[in-house]
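So the structure is just underneath, and the comments pick up after that.
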Amino acid sequence: MQAANVKTELVDWKVLNGQSEHGKSDELMRHVASLFSLTASHCDEEQLATYDTVFQRLADLVCEDTRSFAAQKICHLENAPHSIIRRFAFDVIKVADPVLRHSPVLTDHDLIEVSNETSDDHMVSICMRKSLSSVVTDVLVKAGRSVIMIKLAANNGAEISEGSMQALDQAAANDSFLAHELANRIVERHKPSPVNSHQASSRKFMDLSGVWKSLEPTVEERFYNLSRHSYLARYRFDPSLAKIEKLHEQGFLGNGVLRQFACNDQFADLVCGIAKLTGFPHQIIARMMSSLEWDQVLSLFKLQSFSEELVRDILECGPWMLCLSANQCSAVLKRYRQMSTEEALSIVNDWPNSGLILD
């Protein structure tokens, strides 16, 4: 059965109106969630909106176990409707846990709201996400709950600000479990070398739109067309552009969000996020991030102050995930580690003369 049939064959509207016998709503919810998990990647915007309507109506009618089943089925989907994922996130913990831990749909703003308005159990689930930005972890640390701080300290994918790290250190003086997790934590990015400490704390993303204006005349028109690219044609960038614009307006677009995209293999979101920060077109960033011209793309990352952890996650996302071995990833990371900001700036400034390699 195709997703397009959701309006006709799949849905008994009497069930959605609560007019059916007991148990029919639960059966339908499980059926819809299972079908959506299989067809989501092929759904267009109209079909996604229909699924959202069905989920919302059924969520009012079904039991906790059924909502939990549905949440588990759709929690990993990149294009799950935001409204139903958000609704599940505020539900009882049995329902909320899978989406709070895994859903790439939830924004930092959503996670902050859940942290402020729900239970400690909900915050613990948020702490278990593969990646977290510092704007979220700041809120979690301020809650002051021991179990939450321990879970955060144990999560190397959680970005923790200097202020929050100080709060964790202070709390660890009276909490041996927290002290143990902090001792084991990978903290390189929180302890920059003395020479670079001021730069690391004050540097912002570098707008390279001026570089792009100089470079634009050298780029052939064909490079803007991604539909015939062997890897890039499979991605839908238009929804990602809208998502990134909203995140940028809210002030949430940064390293933490980019790392979340990379960890969840949200390549289109990652590309559009980097494009927004650099001032380059997303089509050009996409081609750079599917190319094996490493100095070219690593210099871009270096000028954006990307952490080594973020670059590592980017290498395991999208087209590179399909073609790079573990040894190759290690070699690229070593090159990134060795590249200075001055060298990266020199490479980028030469682009208008040398041109980009985008094939």
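Let me know the volume per residue of the alpha-carbon convex hull for segment 302-359, in Å³.
It comes to 98 Å³ per residue, whole-number rounded.
With the cut-off at 20 Å, tell me which of the pairs 243/276; 73/94; 130/246; 213/276; 73/151 have Cα atoms farther apart than that.
In this structure, 130/246; 73/151 lie more than 20 Å apart at Cα.
Express the accessible area of the chain per residue in Å², computed with a 1.4 Å probe while the remaining protein chains stay in the model. Write out the running numbers ahead of the final one.
On the way: 17220 Å² over 359 residues.
Per residue, the chain has an accessible area of 48 Å².
Between segment 288-313 and segment 25-57, what's the alpha-carbon centroid distance in Å?
The distance from the Cα centre of segment 288-313 to that of segment 25-57 comes to 37 Å.
Once the dipole of the chain is set up with Lys and Arg at +1 and Asp and Glu at -1 on Cβ about the Cα centre, which of 25, 62, 158 lies farthest towards its positive end?
Looking along the dipole axis, the top candidate is 158.
Mind checking the log10 I(q)/I(0) for the chain at q = 0.07, 0.09, 0.14 Å⁻¹? Debye, one equal scatterer per Cα, no solvent, two decimals.
Taking Cα atoms of the chain as identical point scatterers yields -0.36, -0.58, -1.20.
Using Stokes-Einstein with the Kirkwood hydrodynamic radius over Cα pairs, what translational diffusion coefficient do you get for segment 247-359 at 20 °C and a viscosity of 1.002 mPa s, in µm²/s rounded to a whole number?
Estimated via Stokes-Einstein, D reaches 151 µm²/s.
Report the FRET efficiency, 1/(1 + (r/R0)^6), for residue 64 and residue 224, where r is their Cβ-Cβ distance and R0 is 56 Å, rounded to 0.05. It would help to have the intermediate numbers written out before the result.
Numbers: r = 49 Å, r/R0 = 0.88.
Efficiency for this residue pair is about 0.70.
Using only the alpha carbon atoms of segment 46-119, find the Kirkwood hydrodynamic radius as the inverse mean reciprocal pair distance, in angstroms to one decimal.
12.2
What dipole magnitude, in Debye to the nearest 20, does segment 36-91 give about its Cα centre under +1 on Lys/Arg Cβ and -1 on Asp/Glu Cβ?
Using Cβ point charges on Lys, Arg, Asp and Glu, segment 36-91 gives about 140 debye.
What translational diffusion coefficient, to the nearest whole µm²/s, does segment 206-261 have by Stokes-Einstein, given a Kirkwood radius computed over alpha-carbon pairs, a temperature of 10 °C and 1.306 mPa s viscosity? List each step's numbers first, then the result.
On the way: Rh = 13.8 Å.
It diffuses with D of about 115 µm²/s by this estimate.
Subtracting the Cα-Cα distance from 0.36 nm times the residue separation, let me have the gained length for residue 82 to residue 345 in nm, one decimal.
Taking 0.36 nm per residue and subtracting the Cα distance, the gain is 90.8 nm.
Just to verify a number: what accessible area does residue 357 come out at with the full protein assembly present, 1.4 Å probe, Å² rounded to tens?
80
With r as the distance between the Cβ atoms of residue 174 and residue 233 and R0 = 56 Å, compute the FRET efficiency 1/(1 + (r/R0)^6) and round to 0.05.
E(calc), rounded to 0.05, equals 0.50.
Taking the Cα centre of the chain as origin and charging only Cβ (+1 Lys, Arg; -1 Asp, Glu), how large is the dipole, in debye to the nearest 20?
380
The values are calculated or read from the model by the stated rules, or taken from the named source; none is laboratory data. Keep in mind it's a predicted model, so treat the numbers as computed, not measured. Glycine gets a Cβ as well: all are built from the backbone with ideal geometry, and neighbour counts include every protein chain shown. Calculation scope for accessible area: heavy atoms of the full protein, side chains included, ligands and nucleic acids excluded. Shrake-Rupley method; radii C 1.70, N 1.55, O 1.52, S 1.80 Å.
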